[in-house]
Amino acid sequence: MTTEVSGPAVLDGRVALVTGAARGIGLAIARVLARAGADVGLIDIFDLGAAQRAVEAEGRQAWPLILDLADRAAVRQRVAEFVTERARLDVLVNNAGLVSTTPLAELSDDEWDHVVAVNLTAAVVATQAVWPTMVAQGGGKVVFMGSRAGRMGGNNAGPAYVATKGALHSLVVSVAKEGAPHGILSNGVAPGPIKTEMTVFPSYADEKMVTPLGRMGRPEDIAEAVLYLASPASNFVTGTVLNVSGGALMGW
Amino acid sequence: MSGGAAEFVGMVACVTGGARGIGRGVAHALVAEGAKVVLADRDADAVEATAREFPDGTAAPVVVDITTAAGARVMVDCALERFGGINVLVNCAGITTKAPFLELPEEDWDAVLAVDLKGPFLCTQAAAREMLKRGGGAVVNITSIAAEQGNPLAVHYAAAKGGLKMLTTATALALSRYGIRVNAVGPGLVETPLTSSRLADEEIRAHSLERIPLGRFGRVEEIVEAVLFLASERASYITGASLYVDGGWTKALYGASYEDIQLARLSGGRR
């Protein structure tokens, strides 16, 4: 378990749960965790067929759960049920997130509430729902998806996205401290510019100019960092947010 | 590292401070993944003994002073001559002394800054000049939690490691156009031959463990896992980053490690 000294990034026999797994970064995370040997629970409001096929193509079991992450009660119940049925959970990846570009002056209460619910509250509630099981089994790994926007204030994103991502960075550390005595390790990945369906912005038009490495990141770039943090390779790493940015300035 | 994925097959790495501790561990892991390594160290006996631990033809010891450009060049030339290239540089070599700030000798400052900061600069420059001819490479600098939280008994070390953290960021920007990535791994308190005697002191041991959220010391192999990840293609979009492998210590806000006990002993009990 996570109290053991670090070893290879292998997840054979482990159970993982990935939110926002239908596409983009979440889909890549599900595939990479499965490739490392994990059976994977998949949560999204969208069709999970592609994610299920990706996991099964790696010879692992997939459990799709169609779920609206803005529905706090449903998240609490379905995640708890999932963990109870498996009787264990080794890895929770709180990946799901909405991009909101609405400026402050135009941001409605409803949009703010929705973005906070999906980006932040769902991560808190899902972590709460897996907590008793992780404590009982002597540990586990929780990985949160942060963002360059959460460090830098955002260039394309608006205040709702920026604030929730900044909050997730803080949550990483808080959960790390509370989890440490139980062997629960908490870390984050902060992606820089990543090419997905969610990130089609004019400022990303010329990919070569977006990062010092001369390319935008791909979902796989993030997924490999998540695997490192979700696997026994990082058993002495907790409370950290790893920048995966192609060298793009991340603030700190 | 991923269970013998052999992800460094055909690659050549230079590891400074390769004779012992983290450098030795990194070198072994790289060779296990298929790389050839140059072990650079200033301790001739130790580096030659370490080189004999490796399978024939996989490791070359070289005795160099990395605080000079000539020394850094000798290390890189060794990689070119023995193994035909250089793809990875791991700057592990580091030293420190301990002294209260008011008594810290100027020569200690110079010696620690030379090895811990100027050395990585010179080695990265020498290595990058060759890496760019081969389309890129990866550099990993071993920093320290001292880069974030300081150290009252080793302000020179803390300043050097803080400098190395920024050297990481700045060289990442300088070298990205050549496909060379530069990242840092910041170890917390790791049990090595170097730290074991201090950690044998019960008061220091207990005091330190209290301050590490995970409640244990790190091991060389955990630093090695982080180094191999950042050096590998799995991290091909990561550059300029610092990854702390510290059991949560940098976020614990408990201040420096057992130095405050040593400081208290030196100052007659006042912390």
Item checked: For B:Thr239, A:Thr196, A:Thr102, order by how many other beta-carbon atoms lie within 10 Å, fewest first -> A:Thr102, A:Thr196, B:Thr239
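Given an 8 Å cut-off on Cα distances and at least 6 residues of separation, report the relative contact order of chain B as a percent. Before the final figure, lay out each step's value.
Numbers: 542 pairs, mean separation 47.5, N = 271.
Once divided by the residue count of chain B, the mean separation gives 18 percent.
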Notebook entry, point to check: Peptide B:221-231: average number of partner chain Cβ atoms within 10 Å per residue?
Noted result: 5
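Below 8 Å between Cα atoms, with a sequence gap of 6+, how large is the relative contact order for region A:15-244 in percent?
About 20 percent, as a whole number.
Set the Förster radius R0 to 35 Å, insert the Cβ-Cβ distance between B:Glu103 and B:Asp43 as r into 1/(1 + (r/R0)^6), and round the FRET efficiency to 0.05. Each step should come with its number before you reach the end.
Values: r = 27 Å, r/R0 = 0.78.
The pair B:Glu103/B:Asp43 has a calculated efficiency of 0.80.
Just counting partner chain Cβ atoms within 10 Å, what average do the residues of peptide A:228-234 show around their Cβ? Could you put the intermediate results ahead of the total?
Details: counts 12, 2, 0, 4, 2, 9, 6.
Mean inter-chain Cβ contacts per residue within 10 Å come to 5.
Convert 4 °C to kelvin, take the viscosity as 1.567 mPa s, use the Kirkwood radius over C-alpha pairs of the protein assembly as shown as Rh, and evaluate the Stokes-Einstein diffusion coefficient in µm²/s, rounded to a whole number.
Numbers: Rh = 23.5 Å.
Answer, rounded: 55 µm²/s.
Per residue of B:177-185, what is the mean number of Cβ atoms on other protein chains within 10 angstrom of that residue's Cβ? List each step's numbers first, then the result.
Working: counts 4, 0, 2, 1, 4, 1, 3, 0, 1.
Across B:177-185, the average partner-chain Cβ count within 10 Å equals 2.
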Check: Of the cross-linked pairs A:Lys141/B:Lys251; A:Lys165/B:Lys165; B:Lys98/B:Lys165; A:Lys177/B:Lys118; B:Lys36/B:Lys133, which ones have a Cα-Cα span greater than 29 Å in the structure shown?
Finding: A:Lys177/B:Lys118
Check: Roughly how many Å is it from the Cα centre of region B:202-243 to that of region B:34-100, as a whole number?
Finding: 22
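None of the figures in this text is laboratory data; all of them are computed from the coordinates on show. Worth saying up front: this structure is predicted, and the values here are computed from it rather than measured. As a convention, Cβ positions derive from the backbone with ideal geometry for all residues, glycine included, and neighbour counts pool all protein chains shown.
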